[in-house]
1. With labels modelled as points extended 7 Å from the Cα through the Cβ direction, what inter-label distance (nm, one decimal) is found for Leu177 paired with Gln93?
2. Could you give the length gained by full extension between Glu31 and Asp60, i.e. 0.36 nm per residue of separation minus their alpha carbon distance, to one decimal place?
3. Extending each Cα 7 Å along its Cβ direction at Glu39 and Asp76, get the distance between those two points in nm, one decimal.
4. Which one, Thr163, Ala179, Leu6, projects farthest toward the positive side of the charge dipole computed for the chain from Cβ point charges (K/R +1, D/E -1)?
5. Could you give the longest part of the chain that holds none of the GluC sites (Glu not before Pro) found in DSSP loops with at most 12 neighbouring Cβ atoms within 10 Å?
6. Mind computing the radius of gyration and Dmax over the alpha-carbon atoms of the chain? Å is fine for both.
7. Count neighbours as other Cβ atoms within 10 Å of each site's Cβ, and list the trypsin sites (Lys or Arg not before Pro) in the range 113-194 that are DSSP loop with at most 11 such neighbours.
Amino acid sequence: MSSSKLKAVLLDISNKLSAAQLDQIKYLCNEDIGKRDMEKVDSGIKLFQFLTERRKLSADNTEYVCQLLQNVQRPDLAELINNFDCLPEINNQPPEQERAKLDIATEVVAENLGRSWRQLGRKLGMSEVKLESISERHPKDLEETAVELVKEWRKSRGAEARTVDLIKALRACELNLTADKIEDKLHSDMSVKL
């Protein structure tokens, strides 16, 4: 998510928070902000500014705020950040042919990855915090977890996301069957060479 997109979402969330919910969130993150600064917080925007200054919130790290919103019974607002986070940046995408290959690879990974999704996530360079966030979003659906994993990886790599890197990571995890299935499907569906 770009910084400007994040600011727009946070402004929307701030406007939708009741005074009571803001007080609850302030209570939950009191230790992260500090009593003196917390007294200055009279809106969601000010709270979000303090969290940003303390590196609890950034365009790449929205999990903490999502958890706070969940804790005050506002999953709808937490979902705003999660869904908005998934919107691709137009100029931060791989070329069209590579996107098509990545879509095919995502489908194959979802069908075949199973419980090895965390291992693959680590090989792809994803943080434990991000992996835990993915797990919480889909606690019982391994297929959806795999889709989310690849989506998050693609988003983190932006225009640099490549199918060959995904295949290399699968092979590094000794998930050669899944890597082979991706290559086979790419060759049969697209008649392209990796």
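No value in this document is a laboratory result; all are computed from the given coordinates. What you see is a predicted model; the values in this text were computed from it and never measured. Cβ: placed from backbone, ideal geometry, glycine included. Neighbour counts: every protein chain shown.
1. Result for the modelled spin labels: 3.4 nm.
2. Full extension from Glu31 to Asp60 adds 8.2 nm.
3. Between Glu39 and Asp76, the label points sit 3.5 nm apart.
4. Selected residue: Leu6.
5. After excluding every exposed loop site, the longest remaining stretch is 90-173.
6. 19.2, 63
7. Listed in order of number, the matching sites are Lys140, Lys193.
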